[in-house]
Amino acid sequence: MSAPKTLYDKIWDAHVVSQDEDGTCLLYIDRHLVHEVTSPQAFEGLRMAGRPVRAPEKTIAVPDHNVPTTTDRVSGVIANEESRIQVEALDKNAKDFGINYYPVNDIRQGIVHIVGPEQGWTLPGMTVVCGDSHTATHGAFGALAHGIGTSEVEHVLATQTLIQKKSKNMKVEITGKLRPGVTAKDITLAVIGATGTGGGTGYVIEYCGEAIRDLSMEGRMTVCNMAIEGGARAGLIAPDEKTFEYVKGRPHAPKGAQFEAALHWWKTLYTDEGAHFDKVVTLKAEEIEPVVTWGTSPEDVLPISGVVPAPEDFKGGKVEAARRSLDYMGLTPGQKLTDIQIDTVFIGSCTNGRIEDLRAAAEILKGKKIKDGMRAMVVPGSGLVRAQAEEEGLAQIFIDAGFEWRMAGCSMCLAMNPDQLSEGERCASTSNRNFEGRQGYKGRTHLVSPAMAAAAALTGHLTDVREMMAESVDA
Amino acid sequence: MEKFTKFTGIAAPMPLVNIDTDMIIPKIFLKTIKRSGLGVNLFDEMRYDREGNEIADFVLNKPQYREASILIAGDNFGCGSSREHAPWALADFGIKVIVSTSFADIFFNNSFKNGMLPIVLPQEQVDILMKDAEKGSNARMTVDLESQEITTSDGTVIKFDVDPFKKHCLLEGLDDIGLTLEKASAIDSFETQMAQARPWI
């Protein structure tokens, strides 16, 4: 009888092509996702060396980071010349190398991490890579998925493998049930708050426990998406009936007898009883409140009921970092988080740009208007999410409330396209990073869940969404 | 890739923790389709004001650190986005070695692919190097990859660990893709097996 294995061990073992004495492995890659920003130099490298893409049928490309999200983009012209050149380079590379491609004007276009699962490219037990750190998203399916740099993009294009050493196993268990108004985003931020942005460095995290099982596939993607903000190489959730149900019938998922064969294997993808984890973190779901970030690192997390901390509350190098963050964010220690005034609300990104996220925000906004002078934007994660939201009447709720209803893309999550914050502009954002300058030069970001973002749009300040839920119950 | 063996250079202190890749190279410089020329925009928002003038008290703008080739950095260096533009910008500026108590995983790997050596050391040893770096351009450190040693300006020797395969690639200036393609037959047979075992992929 072999030793008990973790889910990560099982997927890893199923993909080792060769192993050297020092433990360095050649790992086979089942799916390679590509976008326009981190790939041009890799394709250029292939051309210079006269190398083809080894497995074009396993390679999927979509432009997302740079594309405008205004509805006039259907005219096909990207005003920013550098952005246009990058998107055109991807158009050409996809065609020249014969890879699967969803161009800007295809309704299936969207953020690469939303398109992959939506089209059934992402399946349990796979290895998935992309030149983008939020590739961790696909771990929600029980796939080993992580970000790589451009040199590795070129390596995967040329060889369909990566040179890797195995990470350690970390278990993050969320026991019990979430309270109303608390979401997957709050779980993932609370975990980072507890472990720090370096807490997962060197590990692959498996998220488990009742609160994780209870999440929809959309929620699980939100949790795994931010594994990287905790420093982990990847985040994983064991596949179950919800996963199989989500996958079934998607365009690139197996069909008929092949689906049954796949299912047979997928059902073996769980951590064996007694398998070893090098690190274990346990949080109680009941104790997680809706959270917001106050600083410029995703670990700067507090419950919405909290107050802005003082640099002296921290230790070591974090004291200076906190001082710098407070200065950058224009906040004063002791200030109540709910007193922080917001200029802008952004709902979207690979973290929270799926249909369930839009439903959660629309639920809070229904029949209401955003605060006067508030700038508010919804950017669906894909053209198909956008179409579904229109069909469900969510788009109209956003528009009636005063939100801009945009086309799909990464948008203000990283502000490579025209959707940016101006200097000092303060944003409640459903994205994943609150770094200095992330959403625009000197822009100020507070990371929140979609429901919390909607609540802030209505009141004009960071708000505990649970108070609004109580209101609607009373009414 | 250029071989990395032994060199002596100026070390710049950057004690700030969690220096992320957005700080190292802001996204406006990610629109390039080339690898070269990013050094001038390294740490752009910390290094220049809105008009493009240098901010005098930023470490790499100080006369004694303008030629730095080693960074002594705070914990969790290179966290955030996977952009290889970050190591491209550092390498283009002339940085060859970065020392910290920890690095973000993707950044760590990306650095080796660009002939740079990221070194992880315990806090006490990083503190020694940080202090030495604060002496300015008189404090030249020597980094010897073969013997895995850093020698400070006053002769203190600090040993460091490095993955043997990555060390080999740096010392020889090897191209990963070329190495892997030597194993093409192993990849072929893996694919043949998988076509049987997991045909849906």
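The values are calculated or read from the model by the stated rules, or taken from the named source; none is laboratory data. All of these numbers come straight from a predicted model, not from anything done at the bench. Note that each Cβ is placed from the backbone with ideal geometry, even for glycine, and that neighbours are counted across all protein chains shown.
Brief remarks on what is shown
- Subset tally (residues that are more than 30 Å from A:C410 (Cβ to Cβ) and in a helix (DSSP H, G or I)) for region A:1-44: 3
- Here B:S137 clears all of (1) part of a helix (DSSP H, G or I); (2) under 22 Å from A:L26 (Cα atoms); (3) at pLDDT below 95 except the condition numbered (2).
- Verdict on A:A275 being part of a loop (DSSP other than H, G, I, E, B), among the aliphatic types (A, V, I, L, M) and within 24 Å of B:S82 (Cβ to Cβ): no
- Among the residues listed as A:G147, A:G139, the single one being closer than 24 Å to A:M221 by Cα, in contact with a Cys (Cβ under 7 Å, 6 or more places away or on another chain) and within 7 Å of chain B (Cβ to nearest Cβ): A:G147
- Matching entry among A:T243, A:T268 (being polar (S, T, N, Q) and in a helix (DSSP H, G or I)): A:T243
- Members of region B:153-195 found to be over 19 Å from the mean Cα position of the chain (by Cα) and either of a type in the set (G, A, S) or more than 14 Å from every other protein chain (Cβ to nearest Cβ) (or both), listed by number: B:S153, B:D154, B:G155, B:T156, B:V157, B:G178, B:A184, B:S185, B:A186, B:S189, B:A195
- Checked against (1) surrounded by fewer than 17 Cβ atoms within 10 Å (Cβ to Cβ); (2) of a type outside the set (G, A, S); (3) in the same structural domain as A:W405 (by TED's automatic domain parsing); (4) not in a loop (DSSP other than H, G, I, E, B), A:E286 passes all but condition (3).
- Odd one out for A:I342, checked against (1) in contact with an Asp or Glu (Cβ under 8 Å, 6 or more places away or on another chain); (2) more than 14 Å from chain B (Cβ to nearest Cβ); (3) touching a residue at least 60 places away in the same chain (Cβ under 8 Å): (1)
- Cβ-Cβ distances below 6 Å connect the following pairs, each with a first residue in region B:59-75 that is over 28 Å from A:G198 (Cβ atoms), a second residue that is modelled with pLDDT under 95, and a separation of six or more residues or different chains: B:Q64/B:G136; B:Q64/B:S137.
- All helices (runs of 4 or more DSSP H) inside region A:394-475 with 2 or more residues being touching a strand residue (DSSP E or B) at 6+ places or on another chain (Cβ under 6 Å) and within 14 Å of A:G348 (Cα to Cα): A:394-401, A:450-459
- Taken together, A:R233, A:R220 contain a single residue that is away from chain B (no Cβ under 14 Å), buried (at least 24 other Cβ atoms within 10 Å of the Cβ), within 21 Å of the chain's Cα centre (by Cα) and not aliphatic (A, V, I, L, M), which is A:R220.
- Residues located in region A:4-61, provided they are more than 9 Å from chain B (Cβ to nearest Cβ), touching a residue at least 24 places away in the same chain (Cβ under 8 Å), over 30 Å from A:D240 (Cβ atoms) and among the polar types (S, T, N, Q): A:S39
- Applying the criterion of being closer than 16 Å to A:S216 by Cβ and hydrophobic (A, V, I, L, M, F, W, C) to the residues of region A:179-195, the residue that is surrounded by the fewest Cβ atoms within 10 Å (Cβ to Cβ) is A:V182.
- Check on A:Y203, touching a helix residue (DSSP H, G or I) at 6+ places or on another chain (Cβ under 6 Å), among the aromatic types (F, W, Y), in contact (Cβ under 8 Å) with a residue 24 or more places away in the chain and surrounded by 20 or more Cβ atoms within 10 Å (Cβ to Cβ): no
- Answer from A:I163, A:I148 - the residue that is of a type in the set (A, V, I, L, M, F, W, C), surrounded by 24 or more Cβ atoms within 10 Å (Cβ to Cβ) and at pLDDT 95 or above: A:I148
- Sole exception among (1) buried (at least 19 other Cβ atoms within 10 Å of the Cβ); (2) modelled with pLDDT under 95 for A:V37, by number: (2)
- Condition met for B:D75 (among the acidic types (D, E), facing another protein chain (nearest Cβ under 8 Å) and either farther than 13 Å from B:G115 by Cα or not in a loop (DSSP other than H, G, I, E, B) (or both)): yes
- With respect to being surrounded by fewer than 24 Cβ atoms within 10 Å (Cβ to Cβ), in contact with a strand residue (DSSP E or B) (Cβ under 8 Å, 6 or more places away or on another chain) and either more than 30 Å from A:L46 (Cα to Cα) or among the acidic types (D, E) (or both), A:G198 fits the description.
- For region A:419-474, a residue qualifies if it is of a type in the set (S, T, Y) and without any contact (Cβ under 8 Å) to a residue 24 or more places away in the chain, and the qualifying residues are A:S422, A:Y441, A:S472.
- Hits in region B:142-201 - residues which are part of a helix (DSSP H, G or I), aromatic (F, W, Y) and modelled with pLDDT of 95 or more: B:F190
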